[in-house]
């Protein structure tokens with residue numbers, strides 16, 4: 001097995017829009033320039049023992065709000081739920097749930113004013129529902145992001161971005177993990193690799209999980225990079241584990257010629273490996289490719305199992321929706337939606353074409 005050199009990692013990623021020039025610029029994570037809105041998995045029914053409150057916040061992360069809501073309503077911290085984490089350096093709208101038991105309409109109607117009186121947030125609505133909100137109970141996030149300090153005039157930035165977005169609309173967006181997940185200069189990946197080969201132990205459970213997951217994320221990025229470089233990004237491979245965009249159903253590709261029209265229409269996508277013993281492994285040429293990527297980076301599934309990493313699969317190519325761009329006095333305003341787990345920086349790097357590490361400062365929690 002290849003020995004791992006923690007300094008010998010490749011963080012470079014290809015641009016799917018090729019040599020089209022970008023707009024440059026800066027991402028300022030001040031609230032008015034980074035707006036995120038959750039897209040719910042389901043709507044509150046109006047009945048149940050859990051109070052759902054939709055909140056717009058700035059200067060607080062999701063955990064701050066969870067603790068604050070528990071205090072306001074006198075419930076245990078564990079009885080407050082949310083579908084995902086959002087960073088404090090953004091204007092974010094998301095829903096929280098509180099186990100309040102059987103309450104009347106007056107309680108629900110009074111909740112927004114009660115919250116606003118004690119927390120620095122805006123409460124958009126409050127409704128009852130039957131279950132607690134848990135991590136992952138969302139379809140995705142809707143973004144409105146302003147790129148400032150453009151390298152070109154606003155008109156030129158608009159023309160460049162429209163050309164790039166046309167390519168992304170046609171080819172789809174590679175579902176790379178953002179630099180935030182990998183750590184500055186790949187520091188998380190380096191530490192996680194040392195843990196996998198038994199050269200480092202991290203006591204803190206949360207940190208240990210984060211560092212090991214960063215290795216899985218890094219390997220996923222290397223797999224996607226290989227598919228782009230070898231020309232297999234724009235079509236399916238025999239043995240791919242594909243995913244239906246509309247339903248999320250997984251299936252094995254046994255007839256490439258039959259399935260490729262659906263792939264071209266972006267109705268389905270290949271999935272990328274999040275390596276681990278419980279991962280649905282691809283077969284045939286696709287399976288050979290994902291095995292090569294793992295081996296070339298010096299790891300085995302057995303190591304993943306020993307580290308208690310389960311493994312899964314991740315959509316390899318994203319179909320962009322609600323996509324628009326406009327130029328104004330502040331800069332270039334980009335609006336789009338992404339499914340849960342996808343990184344806004346993956347789209348922004350295509351538009352900006354900056355390779356100075358500036359995107360690493362964008363908070364992952366806002367993804």
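Taking the stretch 104-130, which residues are surrounded by 14 or more Cβ atoms within 10 Å (Cβ to Cβ), touching a residue at least 60 places away in the same chain (Cβ under 8 Å) and out of contact with any helix residue (DSSP H, G or I) (no Cβ under 9 Å at 6 or more places or on another chain)?
129
Of the conditions (1) crowded, with 16+ Cβ neighbours inside 10 Å; (2) touching a residue at least 12 places away in the same chain (Cβ under 8 Å), residue 184 clears all except one; give me its number.
With respect to (1) crowded, with 16+ Cβ neighbours inside 10 Å; (2) touching a residue at least 12 places away in the same chain (Cβ under 8 Å), residue 184 is out only on (1).
Among the residues of the stretch 33-53, are any touching a strand residue (DSSP E or B) at 6+ places or on another chain (Cβ under 6 Å), farther than 23 Å from residue 136 by Cα, touching a residue at least 40 places away in the same chain (Cβ under 8 Å) and buried (at least 16 other Cβ atoms within 10 Å of the Cβ)?
Yes, there is a match, as at least one residue in the stretch 33-53 is touching a strand residue (DSSP E or B) at 6+ places or on another chain (Cβ under 6 Å), farther than 23 Å from residue 136 by Cα, touching a residue at least 40 places away in the same chain (Cβ under 8 Å) and buried (at least 16 other Cβ atoms within 10 Å of the Cβ).
Let me spell it out: the conditions are (1) touching a helix residue (DSSP H, G or I) at 6+ places or on another chain (Cβ under 7 Å); (2) surrounded by fewer than 22 Cβ atoms within 10 Å (Cβ to Cβ); (3) part of a helix (DSSP H, G or I), and residue 189 meets all of them except one. Which number is the exception?
Tallying (1) touching a helix residue (DSSP H, G or I) at 6+ places or on another chain (Cβ under 7 Å); (2) surrounded by fewer than 22 Cβ atoms within 10 Å (Cβ to Cβ); (3) part of a helix (DSSP H, G or I), residue 189 fails exactly one: (2).
For every residue, the table says whether it meets (1) within 25 Å of residue 236 (Cα to Cα); (2) assigned by TED's automatic domain parsing to the domain that holds residue 271; (3) modelled with pLDDT of 95 or more.
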{"residue": "286", "(1), (2), (3)": "yes, yes, yes"}
{"residue": "289", "(1), (2), (3)": "yes, yes, yes"}
{"residue": "298", "(1), (2), (3)": "no, yes, no"}
{"residue": "324", "(1), (2), (3)": "no, no, no"}
{"residue": "331", "(1), (2), (3)": "no, no, no"}
{"residue": "338", "(1), (2), (3)": "yes, no, no"}
{"residue": "345", "(1), (2), (3)": "no, no, no"}
{"residue": "355", "(1), (2), (3)": "no, no, no"}
{"residue": "366", "(1), (2), (3)": "no, no, no"}
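Could you go through the stretch 204-218 and let me know if any residue there is outside any helix (DSSP H, G or I) and under 30 Å from residue 330 (Cα atoms).
no
Please give the strands (runs of 3 or more DSSP E) falling wholly within the stretch 229-302 in which 2 or more residues are closer than 30 Å to residue 190 by Cα and within 25 Å of the chain's Cα centre (by Cα).
Where strands (runs of 3 or more DSSP E) fall fully within the stretch 229-302 and carry at least 2 residues being closer than 30 Å to residue 190 by Cα and within 25 Å of the chain's Cα centre (by Cα), they are 268-274.
Quick one: which of 122, 80 is modelled with pLDDT of 95 or more, closer than 30 Å to residue 327 by Cβ and under 29 Å from the mean Cα position of the chain (by Cα)?
Testing whether each residue is modelled with pLDDT of 95 or more, closer than 30 Å to residue 327 by Cβ and under 29 Å from the mean Cα position of the chain (by Cα) leaves just 122.
When the stretch 227-267 is examined, which residues are found to be touching a residue at least 60 places away in the same chain (Cβ under 8 Å), surrounded by 14 or more Cβ atoms within 10 Å (Cβ to Cβ) and within 22 Å of residue 341 (Cβ to Cβ)?
If the condition is that a residue be touching a residue at least 60 places away in the same chain (Cβ under 8 Å), surrounded by 14 or more Cβ atoms within 10 Å (Cβ to Cβ) and within 22 Å of residue 341 (Cβ to Cβ), then 227, 228, 233, 241, 243, 245, 266 are the ones that fit.
The values are calculated or read from the model by the stated rules, or taken from the named source; none is laboratory data. None of the values given here were measured: they were computed from a predicted structure. With ideal geometry, Cβ positions are generated from the backbone for all residues, glycine too; neighbour counts draw on all protein chains shown.
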